[in-house]
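Notes follow once the structure below has been shown.
Only the coordinates and a few stated rules stand behind these numbers; no lab work does. Nothing here was measured: the structure is a model prediction, and the numbers come from that model. Glycine also receives a Cβ, built like all others from the backbone with ideal geometry; neighbour counts cover every protein chain displayed.
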Amino acid sequence: MPEHRHFIHHKPYGYLCQFVCELPRKKLVGNLYPFPEGTMAIGRLDEQSEGLLLLTTDGQLSEYIRSRKIEKEYYAQVDGLVTDEAIAQLEQGVEIGIRDVKYITLPCKVARLEADPGFAPRTRKIRDDRHGPTSWISIVITEGKYRQVRKMTAAAGFPTLRLVRVRIGRILLGDLAAGEVKELNDLGV
């Protein structure tokens with residue numbers, strides 16, 4: 001039985017977490033590196049989101065990492081100066097819609113980042129500074145609904161402008177550059 005292979009990847013803005021796509025001109029993560037056959041993304045980031053993506057050839061490991069046992073941490077740049085009330089609301093859980101069904105998110109950890117995390121500029125400008133201030137927050141969740149963090153911050157009154165996943169379990173994005181892939185012997189989440 002062949003050994004499984006594991007990768008960490010800094011998914012750039014504008015890419016889909018897929019290996020094949022019927023839509024023309026879509027940028028796919030699978031085209032950024034010669035991944036072995038059978039490689040799958042563990043969880044997804046939408047096309048506008050960036051950051052840490054784990055990939056593996058081990059389906060059982062993929063199921064475990066996507067479970068609620070593993071924390072996923074995101075840095076979200078939000079529109080406006082986030083309030084203590086909004087942070088408390090996010091931590092307690094907010095109502096979001098998933099396929100036209102209302103859902104209350106699980107309690108999570110939220111913290112205001114006192115400084116810009118210093119990510120490289122995105123390939124597409126977020127917005128002009130004339131539109132007012134922005135702030136950064138850290139959100140740690142254990143679930144992973146479709147566009148969940150974006151829906152959560154919008155529900156609290158602070159829409160997400162930029163979203164970067166920085167941690168899955170004990171694995172950190174660190175200084176991995178956008179588009180860079182690193183193979184690991186063990187994901188050790």
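Observations
- For the stretch 10-22, 3J(HN,Hα) computed residue by residue from phi via the Karplus equation (6.51, -1.76, 1.60; θ = phi - 60°) reads 8, 5, x, 4, x, 10, 8, 7, 9, 10, 9, 7, 7 Hz, glycine and proline entered as x.
- Volume of the Cα convex hull of the stretch 81-189, divided per residue and given in Å³: 139
- Extending 7 Å from the Cα toward the beta-carbon at both R127 and E183 defines two label points whose distance is 4.3 nm.
- A viscosity of 0.890 mPa s and a temperature of 25 °C, combined with the Kirkwood radius over Cα pairs in Stokes-Einstein, give a translational diffusion coefficient for the chain of 141 µm²/s.
- Of the trypsin sites (Lys or Arg not before Pro) found in the stretch 23-119, those that fall in a DSSP loop while having at most 10 other beta-carbon atoms within 10 Å are R25, R68, K69, R99.
- Charge dipole of the chain about the Cα centre (unit charges at C-beta), most positive-ward option of L173, G14, V82: G14
- Excluding the site residues themselves, the longest part of the chain lacking any GluC sites (Glu not before Pro) in a DSSP loop with at most 11 other Cβ atoms within 10 Å is 38-113.
- Report summary: the helix-based calculation at 222 nm, which adds -39500 (n - 2.57) for every DSSP H run with n ≥ 4 and divides by the residues of the chain, gives -3500 deg cm²/dmol.
- Cα Rg, Dmax, the stretch 1-84, angstrom units: 14.9, 53
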